[in-house]
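Down below is the structure, laid out as structure tokens.
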Amino acid sequence: MVALAQVGIAMGGLGADATIETADVVIQNDEPHKILSAIKIGKITRNIVWQNVILAMGIKIIVLILGAGELQHFGKLLSLMLG
């Protein structure tokens, strides 16, 4: 059943090897509250990833705008040099 699930969680270090290999998350001890901790960590990680994506896109846009301005300045210089 773990293979058919969207997210598979295996609990306990003594579980079947096939279940542990198929699962996306493996919790080594038999404490169910660790599942909530894993979900919370996943949500925090997803938020950090989105922040990084937005920051990277913002930086790329700023660099693109600055680069276009520099190329425009270089083009005027080049046209003056070539006559």
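Quick rundown of the values:
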| quantity | calculated |
| --- | --- |
| Residue match in the stretch 47-56 (condition: outside any helix (DSSP H, G or I), loosely packed, with under 11 Cβ neighbours inside 10 Å and at pLDDT 75 or above) | no |
| Within the stretch 30-56, tally of residues that are in contact with a Gly (Cβ under 7 Å, 6 or more places away or on another chain) and polar (S, T, N, Q) | 0 |
| Counted residues, the stretch 70-83 - those being of a type in the set (Gly, Ala, Ser) and either at pLDDT 75 or above or surrounded by 10 or more Cβ atoms within 10 Å (Cβ to Cβ) (or both) | 1 |
| Evaluation of Ala18 against (1) open to solvent by 50 Å² or more (accessible area, probe 1.4 Å); (2) modelled with pLDDT of 75 or more; (3) of a type in the set (Gly, Ala, Ser) (one fails), failing number | (2) |
| Residues located in the stretch 25-46, provided they are open to solvent by 80 Å² or more (accessible area, probe 1.4 Å) and under 19 Å from Gly8 (Cβ atoms) | Gln28, Asp30, Pro32, His33, Leu36, Ile39, Lys40, Ile41, Lys43, Arg46 |
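The values are calculated or read from the model by the stated rules, or taken from the named source; none is laboratory data. All values derive from a computational prediction rather than experimental measurement. Positions of Cβ are generated from backbone atoms using ideal geometry, with glycine treated the same way; all protein chains shown enter the neighbour counts. We work out accessible area using only protein heavy atoms, side chains counted, and drop any ligands, DNA or RNA first. Shrake-Rupley method; radii C 1.70, N 1.55, O 1.52, S 1.80 Å.
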